[in-house]
Amino acid sequence: MSLSADVPVAPPRVNLRALGLLALLAVAVLVVPVIASPYVIEAILLPFLALSLAGLGLNLLTGYGGQVSLGSAAFMAVGAFAAYNFQLRLGVSLPLAIVLAAATAAAIGVVFGLPSLRLRGFYLAVSTLAAQFFVQWALTKFSWFSNDSASGVVAAPRLTVASLDLDAPQGRYLFALTLVVGITFLVHRIVGSRAGVNLIAVRDDETAAKVIGVPVLRTKLVAFAISSAIIGVAGVIWAYAYLRTVEPAGFNLDRSFQVLFIIIIGGLATIRGAFLGAALIVVFPLLLARTSSFAFEGLVDAGVLKLVERVVLGLVIILFLIAEPNGLSAILGRATARLRAVLRRG
Amino acid sequence: MSTTVVRLAAAGDAPGSGVFSVAAATTSAPALALDGICLSFGGIRALRDISFDVAPGEIRAIIGPNGAGKSSLVNVISGLYRADAGTVQIAGQAFARMPASRLAKIGVARTFQNLALFPGLTAAQNIASGLAFRRRSGLLAQVLGLSAARSESAREDEEVREIAAFLGIGGVLDRLVSTLPYGVQKQVDLARALVAEPNLLMLDEPMAGLTVTEKAEMAAHIRAVRDRTGLAIILIEHDIGVVMELSDRIAVLDHGVKIADGTPVEIRRDPEVIRAYLGAEAA
Amino acid sequence: MMDSPELLFAVEVAVGGLLSGVMYALVAIGFVLIYKTSGVLNFAQGAMVLFAALTFVSLVERQVPFWAAIAVTLVIMAGLGFAIERTVLRPLSNRSPMTLFMATLGLSYVIEGAAQLIWGTQVHRLDLGVSNAPFEVGGIFISTFDLVAAAIAAAMVSVLTLFFRYTRTGLSFRAVADDTFAAIAVGLRLGRIQGTVWTAAGVVALVAGLLWGARLGVQFSLSLVVLKALPVLVLGGFDSIVGAIVAGLVIGATEKLAEVYLGPFVGGGIESWFAYAVALVVLLVRPSGLFGKKLVERY
Ligand SMILES: Nc1ncnc2c1ncn2[C@@H]1O[C@H](COP(=O)(O)OP(=O)(O)O)[C@@H](O)[C@H]1O
Ligand SMILES: [Mg+2]
């Protein structure tokens, strides 16, 4: 079929947003591994990816589902230790170990999600701390989980998928990126599905949802399961790709709060919020350290810096809650809307 | 969707063929029967020995001053409150405690006095939630976009559009429900209940807070729904004019006691009602 | 029976547990005060405990006399409570309870960080002049310190009770706690009442900070008493002072007994989660805790 020049052709309808995402993805896959230094990958990109994924998992439960959890780090720990033990004891391949780890985290997530069927609000939030403390206790107490290592810290197995060696920074980055992109796509499908609508219905008015026939119990438990599974995979990335050790210590209450802060700052009930929030949480301490070493030339010691970081982080949280409860995501939304308006006019 | 109204009208002519399923109009069993319902909150006796029935296809009003127990009664039927005594019988099944989570499956739908919509969802999603109870496709099928899930949600979307067009809110389906005017939200609440094609519909003050025109529109919708589908309706409403005009029978509650029950004409004449409730207006 | 050494030991453990339960309740009461008026679960209560203790110790170490240090800290804590109410809570006043909770989470970071930036991070010893020597009653040994702490806690609860029964502000507090809207309608000044309550919570934090600080040393980990108080809080019910005390006792006793009799079988260290498990089991039966107001939504 030939098109003569004078026949008007409707311009192809392109989805700008999808195009933008594709471009972003292309940069992340093709450009970043080439130009990013090992330092940037190891100190910024890997923790960013792991925490984004954890934030995404928590956002599903808390942002979309309205069930506040203060125990995210516990599920990161479950994921990391489960993957480690499946590989160690059953000798399964890494991809299978990740699937099994996600399943384990999901199962434990359902167990600790059971109280949500009876409890609401703060009573539930506090009870999720039980998961945090119990899991951390069990992993520290029973050295079986860390293969009886004296220190409780074990080196993560080499990252290999099939015959691909991913142990170098670039490889670990691509490994993490693949998992994050794949799971993000799944979450996108979930929140757009009827089940995702049910989740928001339960969050917005649980009683009304029940009366009109939304399966509230199932919705909640499935949310706990999927959220925990995702956070579990985030734990695998954290331990395998970022730290390269498996240890309970880093999966503490502060980490759980960190994940919660990510979604508050980034934007509850949005997908991009988890990424924006994680970016801020990861980059902000580095910026702070740079600034202070630049401004005070090493007069500020690391301990003080940590405290300043804590204070500023707390202030940021409060500020966001007061001034922009919809987080960075809303700010970005306004910015792009303005940009689009300018483009259309210009 | 101008075809909708036609289809609904056709459904009225030939019961059973429309988008709404038709209540078991052929059987004489009541759509709902309450027997000896008692309910108290601490010292307050909200309902005292209430017996009450609704025939298929009937618009059954409940009136009474604020705090009389009208909403409590609907909440007992919905399974939100547990009656201290008495039974609720729906479609031949008797319950000491209504299971709120199975209400929709039993064929009962309701609206709420203080809107209980989901503000984070669009009007269409709110209405589609009314179909969640009969949805068959699971999460996995939905996420993978299997054809069964896709055609199911296409069918749901179609039903949502039909109901919305019928109620005149087709234009706002994609808006977040929290951004809609109050009167429209009331219609969305009604649509969410109607889309489930219930046999019994309970409307708790559907016209409260509406303008005169909106009220008239709502009244017309309620009557049209009943006429065309033959479902039974419990209507709680303060506007006596509307109640008298719409309902087949009226029950009057006062302080948790049913003080009168009958046709609009009987209620208008009932001395007890005039004293307790209509008194102020009659005087 | 009483002379069976095992039983004596068990009683001793239980009594010790009850006494430390009082210490838990002490922190939990600070939460209850604020929850009752503002509907906020104030996670920063632990940070306030740390801040109070750290301020007091640092003053004493700078040769400020004991009572003067108490007075100054009291003023600072009251000021802090008041400032929090004004700058954080009030701008969020019409937002969801969960938002407020997250704000107090941020607040706890701010206060913890600030306390240590101001006073340093080293561990301070806090000596209240109470001996820690155990004494014997009917064959069981009780720590003097724990007993004094319990007495102080009891005194504080009595003062609070009297305050709420007999003072104007206290009575208006109760009115607000019972029905915020009605209280506003009859013209109670909500702002002043909440300011007062936050002040009171600051004072409670000081008492808890002194007692806990004397026990554990004053350092960052003091703010973690909040994690001990939370299960007490949910077990008792967020809005009940009596609940906080009863739950404190229940958790204190069962936790110590479990540590002694159950701990050895699972490798010990169970106190990090045991209280939560106890609270959870009770919550599954009573979702609003032992004494909490039952939440009934109206539709
Ligand atoms: N959840 C509840 N908790 C306590 N009291 C309630 C509750 N629901 C209703 N009541 C009381 O029951 C009585 C009847 O209330 P309601 O059924 O809402 O009346 P109506 O809908 O007729 O205005 C009132 O005294 C009301 O205060
Ligand atoms: Mg009512």
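The values are calculated or read from the model by the stated rules, or taken from the named source; none is laboratory data. The structure displayed is predicted, hence computed values, not measured ones. Glycine also receives a Cβ, built like all others from the backbone with ideal geometry; neighbour counts cover every protein chain displayed.
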* Checklist (1) more than 10 Å from chain A (Cβ to nearest Cβ); (2) more than 30 Å from C:Val159 (Cβ to Cβ) applied to C:Ser240, failing item -> (2)
* Any residue in segment B:69-84 that's within 7 Å of another protein chain (Cβ to nearest Cβ): show its pairings with residues that are basic (Lys, Arg) and crowded, with 24+ Cβ neighbours inside 10 Å at Cβ separation under 7 Å, as long as the two are six or more apart or on different chains. => B:Ser78/B:Arg110
* Residues in segment B:187-203: is at least one within 16 Å of ligand 1 (Cβ to nearest atom), more than 16 Å from B:Leu121 (Cα to Cα), more than 12 Å from every other protein chain (Cβ to nearest Cβ) and assigned to a strand (DSSP E or B)? -> yes
* Restricting attention to segment A:124-135, does a residue exist that is under 14 Å from A:Phe224 (Cβ atoms), out of contact with any Phe, Trp or Tyr (no Cβ under 6 Å at 6 or more places or on another chain) and surrounded by fewer than 21 Cβ atoms within 10 Å (Cβ to Cβ)? -> no
* Asked: Among the residues of segment C:219-231, is there at least one that is under 13 Å from the mean Cα position of the chain (by Cα) and either basic (Lys, Arg) or within 30 Å of B:Ser71 (Cβ to Cβ) (or both)?
  -> yes
* **Selection from segment C:245-281 of residues that are surrounded by 19 or more Cβ atoms within 10 Å (Cβ to Cβ) and within 11 Å of chain A (Cβ to nearest Cβ)** => C:Ile270, C:Trp273, C:Phe274, C:Ala275, C:Tyr276, C:Val278, C:Ala279, C:Leu280
* To do: Kindly indicate whether B:Ala68 is more than 16 Å from ligand 2 (Cβ to nearest atom) and out of contact with any His (no Cβ under 6 Å at 6 or more places or on another chain).
  => no
* **C:Ala183 vs. criteria modelled with pLDDT under 75, in a helix (DSSP H, G or I) and touching a helix residue (DSSP H, G or I) at 6+ places or on another chain (Cβ under 7 Å)** => yes
* Residue within segment B:91-113 that is aromatic (Phe, Trp, Tyr), within 20 Å of B:Leu131 (Cβ to Cβ) and within 14 Å of chain A (Cβ to nearest Cβ) present -> yes
* To do: Could you tell me which of the residues C:Ala103, C:Ala200, C:Ala133, C:Ala115 is at pLDDT 75 or above and under 18 Å from the mean Cα position of the chain (by Cα)?
  => C:Ala200
* To do: Output the strands (runs of 3 or more DSSP E) that fall wholly within segment B:51-145 and possess 2 or more residues being within 14 Å of ligand 1 (Cβ to nearest atom) and farther than 15 Å from B:Leu201 by Cα, or say none.
  => none
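Only one of C:Ala114, C:Ala149, C:Ala133, C:Ala103 is crowded, with 18+ Cβ neighbours inside 10 Å and more than 30 Å from C:Ser240 (Cβ to Cβ). Can you tell me which?
On inspection, the qualifying residue turns out to be C:Ala114.
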* To do: Give just the number: which of (1) of a type in the set (A, V, I, L, M, F, W, C); (2) touching a helix residue (DSSP H, G or I) at 6+ places or on another chain (Cβ under 7 Å); (3) at pLDDT 90 or above does A:Ala138 not satisfy?
  => (2)
* If you go through segment B:114-155, how many residues are of a type in the set (Asp, Glu) and in contact with a Pro (Cβ under 9 Å, 6 or more places away or on another chain)? -> 0
* Asked: Only one of B:Ile50, B:Ile44 is within 16 Å of ligand 2 (Cβ to nearest atom) and either at pLDDT below 80 or within 14 Å of chain C (Cβ to nearest Cβ) (or both); which?
  -> B:Ile44
* Asked: Which numbered condition trips up A:Val236, out of (1) among the hydrophobic types (A, V, I, L, M, F, W, C); (2) at pLDDT 95 or above; (3) surrounded by fewer than 24 Cβ atoms within 10 Å (Cβ to Cβ)?
  -> (3)
* Criterion violated by A:Leu174 - all others in (1) within 14 Å of chain B (Cβ to nearest Cβ); (2) in a helix (DSSP H, G or I); (3) of a type in the set (A, V, I, L, M) satisfied -> (1)
